[in-house]
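First up is the structure itself, then whatever we jot down about it.
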Amino acid sequence: MKDYSVDDTDKLDSSVQNNPAPQQQQQHEGDGLHRLLVPDARDLPLIPPSAVESNFVSYFAPDFIKPGHDQYVYRHANGLCVIGLAPTHVAFKDSGGITAVDFNVGRSDRSVLKVTGKRKKNAQQFEPNTALCKVCTNDDSYIVRCCVKGSLLEVNDRLIKLPGLLNSSADREGYVAIIMPKPADWLKAKGLLLGLEEYKKLRDC
Amino acid sequence: MANDTKAVHVSMEPEVAHNISATVEGQDISVYDDVRALHDVVQGLPSHVMKDLLSIGVCARCIFRLFGIRGNIYSCSFLSSSMLSSVLGEQRHADEDMVDIGSEEHKNPISLPASEVSEVDAVLCTLCLGILQFTYCDDKELVVKKSAKDMAVAISELLRREWHQIDSFSLEVSIPPIVLENESSVWLYMKRKYGSELCFQGKLLSQRISTVEALILCLAKPLETLLDCKSGASDIRICLTFTHSKALKMVHSVAVSKHGCKRTKTGIENCIDSIDDSVVGDIECSDLAGVTIQRSFGGSQDNGSSQSLKFPPEKVEACHLVFLCYRNPIFFGGRYLKYSRNVSQTRWIIDDERKGEASVEEIVGGIILPMCQGDNYKFHAAGREDIDVRMLGSGRPFLVEIQNARHIPSEAFVKEIETKINNLENKLVEVKNLKAVGSQGWDLMREGEAEKQKQYAALVWISRPLKDEDLESIASFKDMKVLQRTPIRVLHRRSPLEREKIIHWMKIEKIAGSNHYFLLHLCTQAGTYIKEFVHGDLGRTHPSVGSLLGCRAEILQLDVTDVKMDCF
């Protein structure tokens, strides 16, 4: 389901056109309402697009700073960017997968930031190569970086207790951070990123 | 300028004197009564003070109101300074028992005004700047001199042009602060000079009739006659706003009198309504009294403040007057349903492009407004839903406010409005229970809006087949708490917070022909983000439908099925 989408597929709503005439009885109203609510199963897609697919445009940064460090940037229509590990990130190749996540990198612990208010005061300004966190496997550790210049709004602190989220759903619940770039900074960053198709081709997946 | 007014004065007198004598001869008793009333008032007041005030340019009405005189005297049409002078002159002669004037006048102590008296003052009052002389600057920057009656006629003509249904009106006047300054200056002058005299003992400035009240006394009755209705508290407001180019340069100290601000029924003033002798300063407690004395008389200490604060001023400018007539807004309440997933609640335009094909606000307001012949409308609703979410069931309470309605619809007409909206061709929106409501409609809507529960039906897909146990487990949760971080889709404009919300109950309804899709009926606390509760918003809403069922969940459609509120 799209956020604030302009609905061009009317299929699911064919029942809307036959608006039932206003009824007096509660029961009739209930029936009328019910008829509006229940869709025809034949109109439903087998697998619907996910919330991420519907609301974000996916971009990829392959080999970001270091080879094998593939990251994704999901950009929402409102300009916010969700940063995370792409499925081809080298960390996933280590046996046992990711075992720990540490946000205490660079000059501060990213998991203790406090951004407040509509204007997002106190948000730290990060450069594309600023470190967000360190992910560790049994063999090695890898730095995850911003990819886009902007204000850091939030890090996924659930990863501290549940690093396994990166192994099971790095593309959803395992996201790393949310960045808010200025429009000009986004345009600059976008030029260096790959779209979904390009990325798939590059990585043969 | 002075020359011009003198010329006018000269040319007017014979005509005016002729008119007055003509009406008396024509058996117009009221003029005679007015003359008598004037004499009565004058007799009760210290004549030397009145003459002094006349000499510093204070007009007759201002003099009377400073002494706290009430009654119909203000509306006397010939109450000019020269008239007052003349009456004072006669009275003095009567008192001193001198026969200076012609024998005719001596015989009849209550006499007609002498020939050099004019009805209209040639010179602007130094206190009220012409306001109580019905002299003002119109929007063409021309100085207009009228009588109370003429002014009332002008106002009623303005009203008649647009307003056809007038059964009452409220007259409101706003005057520039400099008039109050002048009042204070004159009062202090009087106190200084005559304070020790008997006539002044125990008198307070606060006992005076305000300029606003005096003007209303002059205009209310003629307007009532012309408009054939009563004046008082009313939805139709006539606002006379006087402004003056000389802004008050000194610090405004907010003086609060014992009457406070209760004068809204009869008038509103630009600033403080009445000034007590003991000025209670608020912000910068500039001693209003002290400063005025320094500046007005002798001017030995020039504080570098503007010339406008000298009293009496060398040159008096008329005030600028703006008439405004408007009606208090009228309200319509009801409930709306939204059948389309492409219609926003309110007008939504970004970069000159409209989002969606229409809005509830424009559909409903756009029909009510012309039927009331109003100027514009405002749409208010108890909560809102996304553009792609339908509003079904009993509908959502809303309020439409119409500004300056020229036509108040009857109950039958309101029904007509409702039918018209519901019979629109595209059937995007439906309205129920539409009716005119008073301003209490606001309170009805806002009351407990945050506590009200909302009911929804969501079309949900899950990544694994639905099991019967799922229906039971989902139904078992009552008043379940969820923690929602500000959804990513609104995070750019809302504070990043974690909000706890309550899901009161949930029920799964299977959909024939599918074991991955189902209808989720749920009832939640106001302010819960339903879409995020279903798909989890990358884990930022917890628990979510997905986490409760142990799989991935997506939402395809959302409908609001009930807004549980008592109003409309």
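No value in this document is a laboratory result; all are computed from the given coordinates. Bear in mind that the values here come from a model prediction, so they are computed numbers and not experimental data. Cβ coordinates were reconstructed from backbone atoms using ideal geometry, including for glycine residues, and neighbour counts include every protein chain displayed.
Among DSSP beta bridges whose residues both lie in the range B:340-442, state the antiparallel percentage, nearest 5. Antiparallel bridges: around 80 percent, rounded to the nearest 5.
Averaged over the residues of B:546-557, the number of partner chain Cβ atoms lying within 10 Å of the residue Cβ comes to 3.
Above 28 Å, the calculated P(r) of the range B:428-568 contains 26 percent of its Cα-Cα pairs. Ranking B:GLN455, B:GLY441, B:ASN423 by how far each Cα lies toward the positive end of the dipole of the range B:378-459 (charges on Cβ) leaves B:ASN423 at the top. The distance linking the range B:525-558 with the range B:149-194 is 63 Å (Cα centroid to Cα centroid, whole angstrom). For A:LYS201 and B:THR225, the FRET efficiency from 1/(1 + (r/R0)^6), where r spans their Cβ atoms and R0 equals 56 Å, is about 0.05. Sort out for me the Cα centre separation of the range B:359-438 from the range A:152-181, rounded to whole Å. The two parts, judged by their Cα centres, are 46 Å apart.
For the range B:381-460, what does the relative contact order come out to in percent, with C-alpha contacts under 8 Å and a separation of six or more?
On the way: 35 pairs, mean separation 26.2, N = 80.
Computed over the range B:381-460, the figure is 33 percent.
I'd like the per residue volume of the convex hull spanned by the Cα atoms of the range A:114-177, given in cubic angstrom.
Values: hull volume 6.1 nm³, N = 64.
Per residue, the Cα convex hull of the range A:114-177 comes to 96 Å³.
Looking at the range B:313-433, the pairs of alpha carbons with a distance over 16 Å make up 64% of the total.
In plain terms, the residue of B:CYS567, A:CYS205, B:CYS372 with the fewest other Cβ atoms within 10 Å comes first and the most crowded comes last, giving A:CYS205, B:CYS567, B:CYS372.
What number, in percent, do you get for the relative contact order of chain A if the mean sequence gap of Cα pairs under 8 Å and at least 6 apart is divided by its residue count? Working shown, then result.
Details: 338 pairs, mean separation 39.7, N = 205.
The value is 19 percent.
Can you find, among B:ILE209, B:ILE236, B:PRO222, the residue farthest towards the positive end of the dipole of the range B:198-244? Put +1 on the C-beta of Lys and Arg, -1 on that of Asp and Glu. It is B:ILE209, whose Cα lies furthest towards the positive end.
Ranked by the mean number of other Cβ atoms within 10 Å per residue, highest first, peptides B:220-230, B:74-84 order as B:74-84, B:220-230. Sorted ascending by nearby beta carbons within 10 Å, beginning with the fewest, B:TRP461, B:TRP348 become B:TRP348, B:TRP461.
Residue by residue along B:494-502, Cβ atoms of other protein chains within 10 Å of the local Cβ number 2 on average.
Counting only other chains, and only Cβ atoms inside 10 Å, what mean value do you get across the residues of B:510-517? Please list the in-between numbers first.
Values: counts 0, 5, 3, 5, 6, 1, 5, 5.
The per-residue average across the peptide is 4.
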